[in-house]
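Reviewing the structure listed below.
The values are calculated or read from the model by the stated rules, or taken from the named source; none is laboratory data. Being a predicted model, the structure only gives us computed values, none of them experimental. Methodologically, a virtual Cβ is constructed for each residue, glycine included, from the backbone with ideal geometry; neighbour enumeration extends over all protein chains shown. Please note that ligands, DNA and RNA were not included when accessible areas were found on the heavy atoms of the full protein model with its side chains. Shrake-Rupley method; radii C 1.70, N 1.55, O 1.52, S 1.80 Å.
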Amino acid sequence: MSAPPEVVFNTATDPARSGWLPGELRATPPEVDLDRLRARWHDRAQLTVHPNPAGGARVELQVDGAPSEEADRALDDLARAVDDNLTAG
């Protein structure tokens, strides 16, 4: 993603922007590790945001028991939420 890692992580963990998450995870607040830019939703999902040396962020999402297409769709939705967050100011 082209946004700074902190912006991506803050958007991903903002309860008001949880629409990018798959189904039942939307109602679950994440456990957040700000030092590692890592969030966990129980044992069901984990998100890690890494700085990209070329700028922006690289995002890893693991959703246990879900097809890879669901995680890919969630990352696409997160990218849109990040773009909306940046556009809003």
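Points worth noting:
- Multiplying the residue separation of GLU31 and GLU60 by 0.36 nm and subtracting their alpha-carbon distance yields 8.8 nm.
- FRET efficiency, 1/(1 + (r/R0)^6) with R0 35 Å, evaluated for ASP43 and ASP83 via beta carbons: 0.70
- Against the main long axis of the alpha-carbon atoms of the chain, helix 68-88 sits at an angle near 40°.
- Ranked from largest to smallest solvent-accessible area, with a 1.4 Å probe on the protein heavy atoms, HIS50, HIS42 come out as HIS42, HIS50.
- Extents of the chain, largest first, come to 32, 24, 23 Å (Cα atoms, principal axes, whole angstrom).
- Multiplying the residue separation of GLU24 and ASN52 by 0.36 nm and subtracting their alpha-carbon distance yields 7.1 nm.
- Normalised per residue, the accessible area of the chain is 59 Å², obtained with a 1.4 Å probe and no contribution from ligands, DNA or RNA.
- Given +1 at the Cβ of Lys and Arg, -1 at the Cβ of Asp and Glu and no other charges, the dipole of the chain around its Cα centre is 140 debye to the nearest 20.
- Sulfur and carbon atoms: percent of accessible area, the chain [1.4 Å]: 48 percent
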